[in-house]
2 protein chains.
Amino acid sequence: MRVVIPFDATTPKSRLSTILDGDERASFAREMLRDVIESVTAADLSPTVVSTEPVDVDVPVTVDDRRLTPLINDVIAEGVPVAVVMADLANVTPAAVRRLVRADGDVVIAPGRGGGTNALVVRDEDFSVDYHGVSFRDHRTNAAAIGADLTVIDSFRLATDVDERSDLVEVLLHGTGDAADWLRAAGVRIEVDGDRPSVER
Amino acid sequence: MRVVIPFDATTPKSRLSTILDGDERASFAREMLRDVIESVTAADLSPTVVSTEPVDVDVPVTVDDRRLTPLINDVIAEGVPVAVVMADLANVTPAAVRRLVRADGDVVIAPGRGGGTNALVVRDEDFSVDYHGVSFRDHRTNAAAIGADLTVIDSFRLATDVDERSDLVEVLLHGTGDAADWLRAAGVRIEVDGDRPSVER
């Protein structure tokens, strides 16, 4: 199965600006991308990256600066089956990737927290994506509209995309890849005040 | 396997006070409890509830108003194997419960978002819990200290405990039980501003 990993190389992870500066956000985003590539590769798949700018990774890169929705709809039009895995799933593992690609269904979605679509397998060429808004809900509707069977993958690792400072708690606690190591080396750590963890540096 | 569901019947879900009043929070918490009981029962297990006050459910209830940590350590002392499932997992399904109880390991943990321990199976009587702070990390340490094999369950449904207003997004999107229906009937809904969903009423 083809696997596409879209990557924003231009202004990645702007919501982490309270804890990482611009260069650091760029570095951290690339570490997460490399972790995702490594997990996909370890699951015996050969991903390609579609990036807004050239990026130095060990797999083929296509540069395309369009928004995610038209870009992925073109990816689907190029042929199914295809998997689309977001580049900021710092906690992804080969096992989680395997659960995604081995699941039956014309459309397979691993939802992200907050209604996103963090990973997707499309086997029906009539399916189209819309990543704007609460994309999980829209994708469920789109699948039903074309009579496609939808399978939802129940994975905390795939549900954890890293956008907000609070998401870093999950990377520090559960991450085993280079992005987690990068964060720790940058002095980012969990502090506990009462029962609520926060991320400090 | 014994399954224990601890329940705070006294002041449940105080962090939802910006959207539900006290009586509503009590009702919603009981709906979530009943959903958890139903999923555990549908997975062919017979749970008991340990509640701070009497509560009207279809399974045995023990009233015990101690804090969670000494309470669950006594539950473990009464005999292993035992499973402990939190009462606010509104999105839990029978399939998720089965993954938990069928997993190998002296200690099996389904982590919650933010470092919690949302569900737990203990097969080693020397294991002890500490729910204060980042309990997942402490439980991992405790398991290692007694040489117990630890298995971590990768489930978004089990990771989603409902404490904060933003957690209601997940219930509205993915919930199939009475708690989700209760929320919708109360007029709680998702609004989208840009790409970020919020919960309004």
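The values are calculated or read from the model by the stated rules, or taken from the named source; none is laboratory data. What you see is a predicted model, and the numbers here were worked out from it, not measured in a lab. Glycine also receives a Cβ, built like all others from the backbone with ideal geometry; neighbour counts cover every protein chain displayed. For accessibility, only protein heavy atoms count, side chains too; no ligands or nucleic acids. Shrake-Rupley method; radii C 1.70, N 1.55, O 1.52, S 1.80 Å.
A few comments on the model shown:
- Test set (1) assigned to a loop (DSSP other than H, G, I, E, B); (2) open to solvent by 10 Å² or more (accessible area, probe 1.4 Å) - A:Val162 fails condition number: (2)
- If you check A:Leu168, A:Leu89 for being in a helix (DSSP H, G or I), farther than 24 Å from B:Val97 by Cα, within 14 Å of another protein chain (Cβ to nearest Cβ) and open to solvent by less than 10 Å² (accessible area, probe 1.4 Å), only one passes: A:Leu168.
- Residue count for the range A:15-68 satisfying the condition of being in contact with a helix residue (DSSP H, G or I) (Cβ under 7 Å, 6 or more places away or on another chain), part of a helix (DSSP H, G or I), open to solvent by less than 50 Å² (accessible area, probe 1.4 Å) and among the charged types (D, E, K, R): 3.
- Filter result for B:Thr117 (touching a Ser or Thr at 6+ places or on another chain (Cβ under 7 Å) and among the β-branched types (Val, Ile, Thr)): yes
- Residue check, B:Asp195 of a type outside the set (S, T, N, Q), surrounded by fewer than 17 Cβ atoms within 10 Å (Cβ to Cβ), within 14 Å of chain A (Cβ to nearest Cβ) and over 28 Å from A:Asp193 (Cα atoms): yes
- Any hit, the range B:128-145, residues being facing another protein chain (nearest Cβ under 9 Å), surrounded by 18 or more Cβ atoms within 10 Å (Cβ to Cβ) and within 18 Å of B:Arg34 (Cβ to Cβ): no
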